[in-house]
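Trainee: First, the structure itself, so that you have it in front of you.
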Amino acid sequence: MMTGSTFTRHREIAWRGGRTRSTSRLVAEESAIALTYNGSTHAVMMGTPADLEDFGVGFSLTEGIIGCASEIRSIELISNELGVEVRMWLDGDRAASLAARRRAISGPVGCGLCGIESLEQARRAPSRVESPGIAFHARDLLSAMQALSPLQTLNQQTRSVHAAAFWHPRAGIAVVREDVGRHNALDKLAGAIVRDGNSARDGAVLLTSRVSVEMVQKAAMIGAPVVVAVSAPTALAIQTANEAGITLLAVARDDGYGVFTHSRRVLLPEEAAPPAGC
């Protein structure tokens, strides 16, 4: 659901090719999004004002506030001149659990760990992903990444937003979500998957951003066995993916990719196959 325009046109004086001209550009919108539970604000994030029900559900799931979408009794979007409030009401048990840890946090789109209270929370043990028998051809995963760009409708217009998508070997790219924040895009994807009653356990999450530790943690929370990203991972992201049992492909571009963890799920071309025991 859209709560407002996701982009607007702005005038600019452009210097290109040694020449100056007056022109205009489509620019992505960025709004304050408050996530509230049972009447109290839990987080305020900056993001794209679209697919906010997905964002609310996905954030709640990947941050461990809920265990399943049905634990949110209702969700409502309230817009005003300052931004959008995503009002969620939790069932009794989850509401009581959240009340014990409730705090207000505020963070920009580039920050995935704002408001944490301890080093243990920053380095929390990831959920373990179990997917026996799941394996994908590396060429299919690379083809999926190449197919993602034309599906990024907002980025096609603005060239300034990230995307997270879910790919299934039989259905192809089933869901795409975009946001100015890479964490938000992944949360929106998580929400879209669970709200449709689907699972991420038999496919791959595709990311147009770098892979940092919190992106792996969020993917683990929805049980994604494979994560593919266009940019490089951090060392801690690799370590966390290894601990979570997630297969991590990164630097996935037209000329190839790198498999950093749990290569058993990736069927490599014969000439690139790892040695026995890898």
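The values are calculated or read from the model by the stated rules, or taken from the named source; none is laboratory data. Just so it is clear, the structure is predicted and the values come from calculations on it, not from any experiment. Backbone-built Cβ (ideal geometry, glycine too); neighbour counts: all protein chains shown.
Trainee: So if I check each of Ala237, Ala224, which one is among the hydrophobic types (A, V, I, L, M, F, W, C), in contact (Cβ under 8 Å) with a residue 12 or more places away in the chain and assigned to a loop (DSSP other than H, G, I, E, B)?
Mentor: Selected residue: Ala224, the only one of Ala237, Ala224 that is among the hydrophobic types (A, V, I, L, M, F, W, C), in contact (Cβ under 8 Å) with a residue 12 or more places away in the chain and assigned to a loop (DSSP other than H, G, I, E, B).
Trainee: Moving to a separate point now. For segment 242-252, give me each residue that is touching a residue at least 60 places away in the same chain (Cβ under 8 Å) and within 19 Å of the chain's Cα centre (by Cα).
Mentor: Selection gives Ala244, Gly245, Ile246, Leu249, Ala252.
Trainee: Can you tell me which residue is surrounded by the fewest Cβ atoms within 10 Å (Cβ to Cβ) among those in segment 67-82 that are hydrophobic (A, V, I, L, M, F, W, C) and in contact with an Asp or Glu (Cβ under 9 Å, 6 or more places away or on another chain)?
Mentor: The residue in question is Ile78.
Trainee: Answer with yes or no whether Glu117 is surrounded by fewer than 15 Cβ atoms within 10 Å (Cβ to Cβ), over 22 Å from Gly56 (Cα atoms) and at pLDDT below 95.
Mentor: In short, no.
Trainee: Quickly run through segment 153-170 and pick out the residues that are assigned to a loop (DSSP other than H, G, I, E, B), of a type outside the set (Ser, Thr, Tyr) and either in contact with a strand residue (DSSP E or B) (Cβ under 7 Å, 6 or more places away or on another chain) or crowded, with 20+ Cβ neighbours inside 10 Å (or both).
Mentor: Val161, Pro169 - these are the residues of segment 153-170 that are assigned to a loop (DSSP other than H, G, I, E, B), of a type outside the set (Ser, Thr, Tyr) and either in contact with a strand residue (DSSP E or B) (Cβ under 7 Å, 6 or more places away or on another chain) or crowded, with 20+ Cβ neighbours inside 10 Å (or both).
Trainee: While we're looking at this one, here's another question. Name every residue in segment 57-102 that is of a type outside the set (S, T, N, Q), in a strand (DSSP E or B) and either within 12 Å of Asn38 (Cα to Cα) or in contact with a Phe, Trp or Tyr (Cβ under 8 Å, 6 or more places away or on another chain) (or both), in order of residue number.
Mentor: Matches in segment 57-102: Ile72, Arg73, Ile75, Glu76, Val86, Arg87, Met88, Trp89, Leu90.
Trainee: Residues in segment 16-44 that are within 20 Å of the chain's Cα centre (by Cα) and part of a loop (DSSP other than H, G, I, E, B): how many?
Mentor: Number of matching residues: 2.
Trainee: Which one of these is touching a Phe, Trp or Tyr at 6+ places or on another chain (Cβ under 7 Å) and more than 21 Å from Ile134 (Cα to Cα): Thr234, Thr158?
Mentor: Sole residue among the options that is touching a Phe, Trp or Tyr at 6+ places or on another chain (Cβ under 7 Å) and more than 21 Å from Ile134 (Cα to Cα): Thr158.
Trainee: Taking segment 187-207 on its own, how many of its residues are surrounded by fewer than 22 Cβ atoms within 10 Å (Cβ to Cβ) and either within 23 Å of Pro150 (Cβ to Cβ) or among the hydrophobic types (A, V, I, L, M, F, W, C) (or both)?
Mentor: Counting residues in segment 187-207 that are surrounded by fewer than 22 Cβ atoms within 10 Å (Cβ to Cβ) and either within 23 Å of Pro150 (Cβ to Cβ) or among the hydrophobic types (A, V, I, L, M, F, W, C) (or both) gives 3.
Trainee: Among the residues of segment 182-212, how many are more than 12 Å from the chain's Cα centre (by Cα) and part of a helix (DSSP H, G or I)?
Mentor: Within segment 182-212, residues that are more than 12 Å from the chain's Cα centre (by Cα) and part of a helix (DSSP H, G or I) number 2.
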